[in-house]
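Enquirer: Can you read through this structure? Questions will come right after.
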Amino acid sequence: MSLTFIGQKKGMAQVFDQDGKLVVCTVILAEPNTVVQIKRKESDGYNAIKLGGLRMNKSEAARAKKPHKGQFTKTQTEPCRVLRESRIEEVDQYQIGQQIDAGVFTDVKFVDVEGVSKGKGYQGVIKLHGFAGGPGAHGSGFHRHAGSTGMRSTPGRCFPNGKRASRMGGDRQTVQNLRVVAVKGNILLVEGAVPGSRSGIVYIRKAKKRG
């Protein structure tokens with residue numbers, strides 16, 4: 001169980017590492033997160049910390065929902081767009097209103113990054129599942145179809161969970177074991193790609209398998 005940091009994907013870049021190799025990186029804006037709530041085992045049943053990230057401007061704060069407004073007012077912290085709870089063992093080292101910056105990843109070699117993948121809309125079986133399709137000749141009448149999905153009179157139905165045309169993307173995904181290339185102020189560079197589009201919200205934590 002490790003702290004989950006809230007960041008924002010800004011795009012891709014290329015940098016040279018210490019060995020002179022060109023590395024393709026994802027640029028993540030890791031502005032300081034605020035400790036909004038501390039949960040303890042004695043009162044809540046488990047130890048956890050709730051962080052707030054991406055501060056709201058005045059217009060966003062005015063449109064915030066009442067439960068969020070009440071939480072920020074109670075703790076006297078600035079309103080944030082995103083809240084994320086992390087279960088950790090030691091919570092005594094944190095305080096309400098404390099700022100946690102990207103420096104927590106300075107000594108971390110690998111991280112896991114979670115985000116929502118790009119939505120592709122409703123797609124067919126060739127784009128979604130990699131079907132080969134039918135003959136390309138004009139007379140075939142079968143080009144990009146899924147083909148037959150039925151059965152004989154027994155069982156007389158199509159089994160569920162088969163590969164069909166459906167919605168593609170827009171799923172919460174986690175990419176594990178991404179190498180931390182550099183931490184420069186509020187900018188975090190990780191090797192490889194992370195889910196989501198530009199300005200998408202991402203959650204970063206120390207890698208479970210290779211931390």
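The values are calculated or read from the model by the stated rules, or taken from the named source; none is laboratory data. Just so it is clear, the model here is predicted, and its values are computed rather than measured. When we count neighbours, we look across all protein chains shown, and the Cβ atoms used for this are built from the backbone with ideal geometry, even at glycine.
Enquirer: Can you name the strands (runs of 3 or more DSSP E) wholly within region 96-211 that have at least 1 residues being assigned by TED's automatic domain parsing to the domain that holds K74, under 15 Å from the mean Cα position of the chain (by Cα) and under 29 Å from A48 (Cα atoms)? Spell out how you get there, then give the answer.
Expert: Working: elements: 110-116, 121-123, 166-168, 172-184, 187-191, 201-206.
Once the strands (runs of 3 or more DSSP E) in region 96-211 are filtered for at least 1 residues that are assigned by TED's automatic domain parsing to the domain that holds K74, under 15 Å from the mean Cα position of the chain (by Cα) and under 29 Å from A48 (Cα atoms), what remains is 110-116, 172-184, 187-191, 201-206.
Enquirer: In region 92-107, how many residues are in contact with a strand residue (DSSP E or B) (Cβ under 6 Å, 6 or more places away or on another chain) and crowded, with 17+ Cβ neighbours inside 10 Å?
Expert: Within region 92-107, residues that are in contact with a strand residue (DSSP E or B) (Cβ under 6 Å, 6 or more places away or on another chain) and crowded, with 17+ Cβ neighbours inside 10 Å number 3.
Enquirer: Follow-up question, since we're still on this one. Between A146, A48, A62, which is exposed (fewer than 11 other Cβ atoms within 10 Å of the Cβ), more than 21 Å from V194 (Cα to Cα) and of a type in the set (A, V, I, L, M)?
Expert: Of A146, A48, A62, the one residue that is exposed (fewer than 11 other Cβ atoms within 10 Å of the Cβ), more than 21 Å from V194 (Cα to Cα) and of a type in the set (A, V, I, L, M) is A62.
Enquirer: Then there's this: Of all residues in region 157-211, how many are touching a Gly at 6+ places or on another chain (Cβ under 8 Å), β-branched (V, I, T) and under 13 Å from K9 (Cα atoms)?
Expert: So the answer is 4.
Enquirer: A further question on this structure: Could you run through region 2-45 and say how many residues are farther than 12 Å from L189 by Cβ, surrounded by 12 or more Cβ atoms within 10 Å (Cβ to Cβ) and hydrophobic (A, V, I, L, M, F, W, C)?
Expert: 6
Enquirer: Evaluate region 12-21: report whether one residue or more is within 22 Å of E78 (Cα to Cα) and assigned by TED's automatic domain parsing to the domain that holds I201.
Expert: Taking region 12-21 first, the residues within 22 Å of E78 (Cα to Cα) are none.
No: zero hits.
Enquirer: For region 70-84, how many residues are loosely packed, with under 14 Cβ neighbours inside 10 Å and of a type in the set (D, E, K, R)? Walk me through how you get there before you give the answer.
Expert: The first filter runs over region 70-84 and keeps only residues loosely packed, with under 14 Cβ neighbours inside 10 Å, leaving 70, 73-74, 76, 78.
Then drop every residue that is not of a type in the set (D, E, K, R), which leaves 74, 78.
Of the residues in region 70-84, 2 are loosely packed, with under 14 Cβ neighbours inside 10 Å and of a type in the set (D, E, K, R).
Enquirer: Could we say that E42 is in contact with a helix residue (DSSP H, G or I) (Cβ under 9 Å, 6 or more places away or on another chain) and of a type in the set (D, E, K, R) here?
Expert: Working: in contact with a helix residue (DSSP H, G or I) (Cβ under 9 Å, 6 or more places away or on another chain): no; of a type in the set (D, E, K, R): yes.
Answer is no for this residue.
Enquirer: Out of region 108-141, which residues are over 30 Å from C25 (Cβ atoms) and exposed (fewer than 11 other Cβ atoms within 10 Å of the Cβ)?
Expert: Just the residues of region 108-141 that are over 30 Å from C25 (Cβ atoms), to begin with: 122, 124-126, 129, 131-141.
Matches in region 108-141: Y122, A132, P135, G136, A137, H138, G139, S140, G141.
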